[in-house]
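Please read the structure below before turning to the comments.
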Amino acid sequence: MKKIHASLIVLCLVLSFPIILDKAYAANGTLVYVDPMTVLDVPVGETFTINASVADVVELSTWQVQLLFNSTVLSCTDTIYPPDNILAGHGTVTTVTPIIDNTGGSVKLGATLMGTNNATGSGTMCQIVFEVLAIGESDLEFSPYGGATYLINVNGEDISATTQDGFFTNLPTPYHDLAVTDLSLSDHYPKQNDSVLISVQVLNNGTVAETFNVSVFYGSSLIETRTVADLGSGAYTTLDFNWDTTGVPLGSYTIKAEADTVPLETNVANNIMTTNVNVISPTALPTDLNGDGEVDMRDVGEVAKAFGAYEGHPRWNPAADIDVDGVVTMRDICIVCRDFGKISA
């Protein structure tokens, strides 16, 4: 009897799963999502179709979707406004001719109801057909740029909604992929004999744990190699390297961080990341930001470009913070301008 009772509980949970899922959507408000969320193992040369759908929307009058994809792996071959789409049966529907960009990897389309008609509920907005061009993977991402994906209600107001992207892959498993995801320097304009902290972040984007080396170079010269042991699938690690610039000739260099190619790894383009650094004279004026021996308009331009920046800001340049107060202000610009034309020994 207990076994029968347990079986009935499981059966009820299975049968109620779609209802539970709908409630999950509703609890989070309106949701715009790719259905199915994950597409697996479609061979090269074949096609598959995804739905761009909406759940729990109120008084929907107009929608637009822009979906981004990896154009080296997928090609958009068709779009469909299905007869049972979310706006169907609620009045006259006007649709637009889709814009398909198989070079940049995007498809944009939309529809609207005429007059004050609107739709409430859940359903499919459109269907998008893709052909598989190559072995690989692709996000199926609602464009976050410039409000390219949106819903509008009967009053012409934006409807707040969250988005749930999709994903395609036909990569064989297990899948091996290492990626250098960040490369940062404590100083991009170190004086000769200074020590520079180089931080490298590495991601195991594959499906199995990996052991590998990470090397950092200036130009073609090796700074250091470090070993990462058993980095799990989906895990990150950050390695710190100290670069002693004693004896390094003055000039501009490319700093390169490189993760080893592990066996069976095919996507190796993301194993390397680079940035630039200028090693300047130990006696260079602080206002000679690029260390070329003279305070000129290049230096004025550098400090002006960093105006308003502070540590952690995307335009932060510690060399531009001449008075070392933690932010680049007009005081720093004035100091550089004051030294304009000076020769930096």
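Could you line up C334, C126, C76 from fewest to most neighbouring Cβ atoms inside 10 Å?
Details: C334 13, C126 23, C76 19.
With the fewest neighbours first, C334, C126, C76 line up as C334, C76, C126.
Computed from the C-beta positions of D78 and T207, the FRET efficiency with R₀ = 25 Å rounds to 0.20.
Per-residue extension of 0.36 nm, minus the Cα-Cα distance of T237 and S199, leaves a gain of 12.6 nm for this segment.
Relative to the first principal axis of the alpha-carbon coordinates of the chain, what is the inclination of helix 2-27, with its axis defined by its Cα atoms, in degrees from 0 to 90 and to the nearest 10? Around 70 degrees separate the two axes.
Pairs of Lys residues in the chain are counted when their Cα atoms are under 23 angstrom apart and they lie 8 or more places apart or on different chains; the count is 4.
For the stretch 127-159, backbone nitrogen atoms closer than 14 Å to the point 7 Å from E59 Cα along Cα-to-C-beta are found at 152-159. Dipole magnitude for the stretch 174-282: computed about the Cα centre from +1 point charges on Lys and Arg Cβ and -1 point charges on Asp and Glu Cβ, it is near 240 debye. Annotation: for a label point projected 7 angstrom from Cα along Cα→Cβ of K342, residues of the stretch 252-283 with backbone N closer than 18 Å are 280-283.
What is the calculated FRET efficiency for D325 to T92, with r their C-beta to C-beta distance and R₀ = 45 Å, to the nearest 0.05? Efficiency, from the Cβ-Cβ distance: 0.10. Between R315 and S220, full extension at 0.36 nm per residue minus the direct alpha carbon distance yields a gain of 31.4 nm. When the charge dipole of the chain is built from unit charges on Cβ atoms (+1 for Lys and Arg, -1 for Asp and Glu) and taken about the Cα centre, the candidate among T97, C126, A229 whose Cα reaches farthest toward its positive end is C126. Which of rounded, prolate, oblate describes the stretch 174-282, given a ≥ b ≥ c as roots of the alpha-carbon gyration tensor eigenvalues and a/c under 1.5 marking rounded, otherwise prolate only if a/b is larger than b/c? The shape class here is prolate.
Modelled spin-label separation between A304 and D35, with each label point placed 7 Å from Cα along the Cα-to-Cβ direction: 5.5 nm. Projecting label points 7 angstrom from Cα along Cα→Cβ for F48 and S186 puts them 4.7 nm apart.
Based solely on its DSSP helices, what 222 nm [θ] is calculated for the chain when runs of n ≥ 4 H residues each add -39,500 (n - 2.57) and the sum is averaged over all residues, nearest 500 deg cm²/dmol?
Counting only the DSSP helices, I get -4000 deg cm²/dmol.
Going by neighbour counts of Cβ atoms within 10 Å, the residues K305, K256 line up, fewest first, as K305, K256.
Magnitude of the charge dipole for the chain, about its Cα centre and with charges confined to Cβ atoms of Lys, Arg (+1) and Asp, Glu (-1), is about 640 debye.
Readers should treat all values here as calculations from the given coordinates under stated rules, not as data from a laboratory. All values reported here derive from a predicted model rather than from experimental measurement. With ideal geometry, Cβ positions are generated from the backbone for all residues, glycine too; neighbour counts draw on all protein chains shown.
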